[in-house]
Amino acid sequence: MSDVSPSGAARPHGRGRYGRVSQAVTELDERLGVARGARTFLDKIFPDHWSFMLGEIVLYSFVVLLATGVFLSLYYVPSSTVVTYHGSYLPLDGMPMSQAYASTVDLSFAVRAGLLMRQMHHWAADIFIGSMVVHMARVFFTGAFRKPRELNWTIGVTLLTLAIVNGFLGYSLPDDLVSGTGIRIAYSILLSVPLVGTYLAFWVFGGNFPGTVVLERFFILHVLVVPLVMLGLVGAHLALLVRQKHTQFPGEGRTEENVVGTPMFPVFMAKTTGFLLVVTGVIALLGGFAQINPIWQFGPYEASRISYAVQPDWYMAFLDGALRIFPSWSFHSFGHTIPLEVTIPAVVLPGLLFGLAYAWPALERRVTHDDAIHHLLDRPSARPRRTAAGVAVLALLAMLFVASSTDVIANFFHLSLNTVLWAMRVLVLISPFVAYPIAYAIAREMHALHGAGKRKTPNVVTRSAEGTYEATPAPAFVDDVAEELAPAPVPTFIEEEGPAVAPRPSRGTRAVDR
Ligand code: HEM
């Protein structure tokens with residue numbers, strides 16, 4: 001380390017070109033030997049593609065969730081003890097309600113920035129789970145779950161499950177009429193689990209519904225247990241990502257043996273930090289301007305009351321929709337009753353869906369006999385069966401989402417609820433069988449167009465003076481295609497396998513790795 005600054009002046013002992021920063025790093029390295037690892041990490045190459053930013057939306061909305069959640073937990077009172085409200089929201093003055101509901105109303109109207117934090121937290125939750133689903137779809141449709149990333153896929157599915165459960169727990173904490181109804185449904189779902197349901201429900205609720213302890217338990221699960229487990233899983237998820245390196249789309253100079261992209265420092269770090277600010281900014285704007293979950297309009301929860309148009313948050317709607325449209329069947333035997341109208345849509349269906357997600361990598365490997373390592377991604381059109389299967393599942397979930405609004409649809413179109421129920425039953429049942437062949441045909445057509453390396457050039461048909469017709473390729477199109485197919489000239493670095501502290505590639509050169 002030279003002790004002379006570019007101006008030739010002597011530097012104080014140990015001060016490198018970056019002054020205090022490099023002195024601190026040197027001190028740290030002398031004690032912990034961090035330089036080697038840090039250099040390898042900072043030299044990591046990240047491939048460039050918009051869809052690779054989806055994981056970061058998930059990550060940063062999670063950060064906003066945690067930060068706003070800490071704020072809310074300082075004011076929220078997790079108690080179902082009934083109090084008479086005399087807070088700043090006058091329309092509810094004098095009403096008996098749980099301390100949980102009262103503290104949430106106070107958070108919204110009496111705590112400075114309380115409503116902003118509440119809304120940011122709720123919007124962050126919706127964006128967190130929404131971007132996770134899109135991230136998962138990206139991983140699925142491009143085959144990024146294949147060997148060696150099956151474990152990261154499994155961690156991902158677990159993260160999605162935990163995120164949905166924690167969303168429900170958080171959604172239930174204000175104890176308003178809508179969320180209270182949700183807790184009631186959750187109690188029934190637990191009860192409907194064959195043989196052990198009653199014990200499970202009593203264990204979670206500490207007795208019969210509504211009990212007096214469920215809000216305290218949901219609170220600890222929501223602010224401590226589940227976030228801690230998720231933080232651990234996200235850490236493992238990102239560690240695996242760094243260890244296995246990111247996949248990349250096929251293109252010029254990209255092989256199964258290298259990564260083409262931009263280095264972690266400074267390019268990726270600058271981009272991803274900007275992205276953190278953008279995600280936080282968007283959530284703050286939504287928190288400031290778009291009202292969500294106005295619990296003061298729903299009123300406090302009372303077990304004897306229910307309202308029209310009670311829908312859960314969007315990520316629970318598939319479950320609510322399935323419960324609404326399932327026929328009222330039940331099974332009685334050996335003195336036991338299994339309420340199939342709850343067990344099948346709310347226990348068996350999610351079990352099948354998440355089970356299929358967990359099993360998919362192994363299933364696909366079994367069907368395709370493809371045991372190779374994959375670092376290059378598929379185009380969805382190149383795997384028409386996988387794409388069609390994914391679209392079929394999404395179609396089913398989308399129809400179930402619509403089915404969670406049967407009462408609103410019936411009311412809006414002045415239809416009988418029964419008509420809407422039957423229409424939704426038919427639509428839900430046929431949706432995957434309609435979506436699959438359509439997606440399959442589109443994927444095959446797109447692959448044929450792309451597989452041919454060039455899309456068929458449309459012809460322009462002209463009629464000559466003599467009345468003859470002539471077909472010529474459309475000039476503009478040819479140019480566009482050529483440009484579109486050619487990989488964009490991005491400043492790229494190609495990482496190279498070599499001694500851990502290989503000379504740092506200068507920004508203009510290439511190195512090859514994996
Ligand atoms: C808290 C939830 C999650 C966070 C914070 C997260 C974060 C990330 C990030 C930042 C990346 C790298 C950038 C990208 O490819 O988008 C990534 C990659 C990946 N994620 Fe997630 N993710 C989450 C949930 C999931 C889920 C639900 C799945 C699938 C079920 C999944 C599967 C994967 C896989 C397989 C990769 C490697 C992708 C590749 O190399 O192309 N993740 N994740």
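So the values come out like this:
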{"item": "Selected residue (criterion: nearest to residue 98 (Cα to Cα)) from residues of segment 211-258 that are within 11 Å of the ligand (Cβ to nearest atom) and in contact with a Phe, Trp or Tyr (Cβ under 8 Å, 6 or more places away or on another chain)", "result": "230"}
{"item": "Candidate set from segment 278-321 (those that are of a type in the set (Gly, Ala, Ser) and under 28 Å from residue 96 (Cβ atoms)); member that is modelled with the highest pLDDT", "result": "299"}
{"item": "Only listed residue being in a helix (DSSP H, G or I) and surrounded by 17 or more Cβ atoms within 10 Å (Cβ to Cβ), chosen from 435, 441, 448", "result": "435"}
{"item": "Qualifying positions in segment 372-381 - in contact with a helix residue (DSSP H, G or I) (Cβ under 6 Å, 6 or more places away or on another chain) and either open to solvent by less than 30 Å² (accessible area, probe 1.4 Å) or part of a loop (DSSP other than H, G, I, E, B) (or both)", "result": "381"}
{"item": "Residue match in segment 363-378 (condition: assigned by TED's automatic domain parsing to the domain that holds residue 185, of a type in the set (Ser, Thr, Tyr) and modelled with pLDDT of 95 or more)", "result": "no"}
{"item": "Residues of segment 68-94 that turn out to be touching a helix residue (DSSP H, G or I) at 6+ places or on another chain (Cβ under 9 Å) and either within 16 Å of the ligand (Cβ to nearest atom) or open to solvent by less than 60 Å² (accessible area, probe 1.4 Å) (or both), as a count", "result": "15"}
{"item": "Any hit, segment 41-58, residues being touching a helix residue (DSSP H, G or I) at 6+ places or on another chain (Cβ under 8 Å), away from the ligand (no atom under 15 Å from the Cβ) and over 23 Å from residue 159 (Cα atoms)", "result": "yes"}
{"item": "Pairs with Cβ under 6 Å, 6+ apart, first in segment 30-45 and more than 20 Å from residue 241 (Cβ to Cβ) and assigned by TED's automatic domain parsing to the domain that holds residue 270, second at pLDDT 85 or above and outside any helix (DSSP H, G or I)", "result": "none"}
{"item": "Sole residue being surrounded by 15 or more Cβ atoms within 10 Å (Cβ to Cβ), farther than 30 Å from residue 247 by Cβ and in the same structural domain as residue 246 (by TED's automatic domain parsing), chosen from 342, 428", "result": "342"}
{"item": "Residues located in segment 259-273, provided they are within 14 Å of the ligand (Cβ to nearest atom) and either over 13 Å from residue 47 (Cβ atoms) or open to solvent by 30 Å² or more (accessible area, probe 1.4 Å) (or both)", "result": "269, 271, 272, 273"}
{"item": "Residue in segment 114-124 that is basic (Lys, Arg) and near the ligand (Cβ under 9 Å from one of its atoms) present", "result": "no"}
{"item": "Hits in segment 241-274 (condition: small (Gly, Ala, Ser) and outside any helix (DSSP H, G or I))", "result": "251, 253, 261"}
{"item": "Some residue of segment 192-205 being open to solvent by less than 60 Å² (accessible area, probe 1.4 Å) and closer than 30 Å to residue 256 by Cβ", "result": "no"}
{"item": "Of all residues making up segment 382-417, the number that are in a helix (DSSP H, G or I) and touching a residue at least 24 places away in the same chain (Cβ under 8 Å)", "result": "25"}
{"item": "Selected residue (only one of 65, 42, 92 is of a type outside the set (S, T, N, Q), at pLDDT below 85 and in contact with a Phe, Trp or Tyr (Cβ under 7 Å, 6 or more places away or on another chain))", "result": "42"}
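The rows are residues; the columns are (1) within 25 Å of residue 158 (Cβ to Cβ); (2) surrounded by fewer than 17 Cβ atoms within 10 Å (Cβ to Cβ).
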{"site": "238", "(1), (2)": "yes, yes"}
{"site": "242", "(1), (2)": "yes, yes"}
{"site": "254", "(1), (2)": "no, no"}
{"site": "257", "(1), (2)": "no, yes"}
{"site": "275", "(1), (2)": "yes, yes"}
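One line per residue, one yes/no per condition, for (1) aromatic (Phe, Trp, Tyr); (2) more than 7 Å from the ligand (Cβ to nearest atom); (3) part of a helix (DSSP H, G or I):
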{"position": "140", "(1), (2), (3)": "yes, yes, yes"}
{"position": "148", "(1), (2), (3)": "no, yes, no"}
{"position": "151", "(1), (2), (3)": "no, yes, yes"}
{"position": "154", "(1), (2), (3)": "no, yes, yes"}
{"position": "180", "(1), (2), (3)": "no, yes, yes"}
{"position": "187", "(1), (2), (3)": "yes, yes, yes"}
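Every residue, every condition in (1) among the charged types (D, E, K, R); (2) open to solvent by less than 30 Å² (accessible area, probe 1.4 Å); (3) closer than 22 Å to residue 72 by Cβ; (4) touching a residue at least 40 places away in the same chain (Cβ under 8 Å), yes or no:
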residue	(1), (2), (3), (4)
119	no, yes, yes, yes
128	no, yes, yes, yes
135	no, no, no, yes
144	no, yes, no, yes
148	no, no, no, yes
151	no, no, no, yes
154	no, no, no, yes
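Every residue, every condition in (1) free of Cβ contacts under 8 Å to residues at least 12 places away in the same chain; (2) open to solvent by 40 Å² or more (accessible area, probe 1.4 Å), yes or no:
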| position | (1), (2) |
| --- | --- |
| 286 | no, yes |
| 321 | no, no |
| 326 | no, yes |
| 330 | yes, yes |
| 337 | yes, yes |
| 353 | no, no |
| 362 | no, yes |
| 365 | no, yes |
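The values are calculated or read from the model by the stated rules, or taken from the named source; none is laboratory data. Keep in mind it's a predicted model, so treat the numbers as computed, not measured. Positions of Cβ are backbone-derived with ideal geometry, glycine not excepted, and every protein chain shown enters the neighbour counts. We work out accessible area using only protein heavy atoms, side chains counted, and drop any ligands, DNA or RNA first. Shrake-Rupley method; radii C 1.70, N 1.55, O 1.52, S 1.80 Å.
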